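Let me begin by presenting the structure, written as structure tokens, before commenting on it.
Please treat every number below as a calculation from the coordinates, not as lab data. Owing to the predicted nature of the structure, the values given are computational and were not obtained by experimental measurement. So basically every Cβ, Gly included, is an ideal-geometry build from the backbone, and we count neighbours across all protein chains shown.
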Amino acid sequence: MTRFPPVLTSPSRPGWETGGLVLDSPLMLAPLAGVTIPPVRLFYSRLGASATHTEMISCAGLIRTNRKTAGMLQVLPGEGPVIVQLFAGDPDTLSKGAETALAEGTLFRAVGINMACPMPKVLKKGAGARLLENPDTAFAMVKALTRFGFPVWPKIRKCPPGYPLTTEEFCRGLLDAGASLVCLHGRTPAQRYAGEADRDIVARMAKMFPGKICASGDVYSPRDISFYLDAGCSSVLLARGAVADPFLFARTLAFLGYDVHNIYGNPSPDFQILLLLDFGDGVSALCGQRMAALFAKRILAGLFRGMAGVGGLRRAAASVSSWTDLRGIIEQSGEYFERREKYSGCTV
Ligand SMILES: Cc1cc2nc3c(=O)[nH]c(=O)nc-3n(C[C@H](O)[C@H](O)[C@H](O)COP(=O)(O)O)c2cc1C
């Protein structure tokens with residue numbers, strides 16, 4: 001048996017169409033700067049994400065052939081469908097960056113445009129959420145990318161009062177310019193990541209533009225996700241909820257009626273250890289020991305939920321800073337799970 005069998009046991013449903021792609025389900029991993037590096041995407045594809053996003057990638061960096069930026073275009077063997085998300089402040093820079101990102105042989109399946117980032121260093125370049133204030137530039141950017149022949153997925157936020165266009169007008173403009181899907185985060189730029197996301201505006205846009213809206217914002221539970229799908233959203237982005245609970249994909253797929261492999265539906269400590277070791281090895285190979293320890297600790301915080309003894313493991317992990325040391329602790333972590341015989345779903 002393969003160590004990581006597919007999450008869906010039988011392809012009991014036809015593929016799920018969203019944004020010009022046919023995927024296994026409507027549940028995707030959101031773009032997360034500093035998080036969705038290749039081994040993280042591989043980890044979540046294994047855990048049931050039907051597609052994943054890169055971090056937002058600077059087109060100016062790609063044009064300058066900055067080595068770090070170019071490295072962000074890497075896709076690992078075994079990853080599922082990946083959407084590359086780009087950012088720039090004007091159509092020309094975006095187009096030139098896209099030429100590199102979408103060059104022949106690329107493994108990306110669609111191209112995203114970040115029109116949502118509220119951070120000052122992105123806004124001051126006229127990129128991210130600044131584009132909500134410059135609709136003509138935003139629409140020209142979508143149009144500029146359509147020539148590459150990939151589905152174009154701008155990601156935006158709710159447009160607050162005082163902006164040139166309403167959210168509805170902005171979505172319409174993007175779709176008229178050739179976008180295949182609009183990913184809509186129901187927070188305003190001023191909210192950044194705080195406060196509640198406005199789910200109702202996402203639901204209203206989904207009714208207004210059937211099959212064209214992908215939902216984002218406050219996605220923490222299967223119920224949050226089915227709210228968006230019931231409202232008519234074409235797909236849903238899992239972001240902080242998936243970081244906090246890596247099994248949110250599998251739990252939601254089961255909740256939605258998909259046939260989910262028991263190894264993910266009822267994950268044993270042994271299986272979670274295996275996932276974590278493989279994950280840390282992957283990050284270590286790409287980014288080195290320190291980063292691997294940091295990433296593995298972040299993932300560890302969401303794994304082993306509710307299992308007796310996990311506190312001891314987390315405390316031991318907090319005391320080390322290299323992957324080699326953390327790996328040793330994780331390998332021995334069986335001793336922390338006092339009641340492991342309770343979990344029977346694993347045959348690895
Ligand atoms: C750490 C972090 C990094 C993010 N990076 C990006 C990014 O690179 N591109 C983007 O479009 N959105 C980015 N986002 C926004 C998320 O994709 C998502 O829209 C947002 O977190 C709302 O979903 P949530 O409330 O379910 O977390 C980021 C969010 C966080 C918390």
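Taking GLY126, GLY328, GLY97 in turn, the Gaussian network model of the chain (Cα-Cα springs below 10 Å) assigns the largest fluctuation to GLY328. For the stretch 139-145, backbone phi angles converted through the Karplus equation (6.51, -1.76, 1.60; θ = phi - 60°) give residue-by-residue couplings of 5, 5, 5, 4, 4, 4, 7 Hz, Gly and Pro being listed as x. Of the residues SER180, LEU132, THR18, the one whose Cα sits farthest toward the positive end of the charge dipole of the stretch 16-261, with +1 on the Cβ of Lys and Arg and -1 on the Cβ of Asp and Glu, is LEU132.
Among the listed pairs LYS125/LYS158; LYS68/LYS121; LYS121/LYS212; LYS121/LYS155, which have their C-alpha atoms separated by more than 28 angstrom in this model? Could you put the intermediate results ahead of the total?
Numbers: LYS125/LYS158 20 Å; LYS68/LYS121 18 Å; LYS121/LYS212 30 Å; LYS121/LYS155 18 Å.
Listed pairs above 28 Å: LYS121/LYS212.
Mean residue ellipticity, 222 nm, helices only, the chain: the sum of -39500 (n - 2.57) across DSSP H runs of n ≥ 4, divided by residue count and rounded to 500, is -11500 deg cm²/dmol. Model label sites at ALA70 and ASP200, defined 7 Å from Cα along the beta-carbon direction, differ in position by 5.1 nm.
Counted by Cβ distance under 13 Å from GLU55, the other residues give a net charge of +3, where Lys and Arg count +1 and Asp and Glu count -1. The residue list GLY241, GLY328, ALA215 was ranked by how far each Cα lies along the charge dipole of the chain toward its positive end, using unit charges on Cβ atoms, and GLY328 comes out on top. Backbone phi angles across the stretch 32-42, fed through the Karplus curve with coefficients 6.51, -1.76 and 1.60 (θ = phi - 60°), yield HN-Hα couplings of 9, 4, x, 10, 7, 6, x, x, 5, 5, 4 Hz in residue order; Gly and Pro are listed as x. The DSSP beta bridges internal to the chain are antiparallel in roughly 10% of cases. Projecting the Cα atoms of MET72, PHE227, THR9 onto the charge dipole of the chain, computed from C-beta unit charges around the Cα centre, puts MET72 farthest toward the positive end.
Treating only the Cβ of Lys, Arg, Asp and Glu as charged (+1, +1, -1, -1), what charge dipole size does the stretch 266-342 show about its Cα centre? Round to the nearest 20 debye.
Values: 10 positive and 8 negative charges, 71 e Å.
Here the size comes out at about 340 debye.
Each Lys and Arg adds +1 at its Cβ and each Asp and Glu adds -1 at its Cβ; summed about the Cα centre, the stretch 16-261 shows a dipole of about 620 debye.
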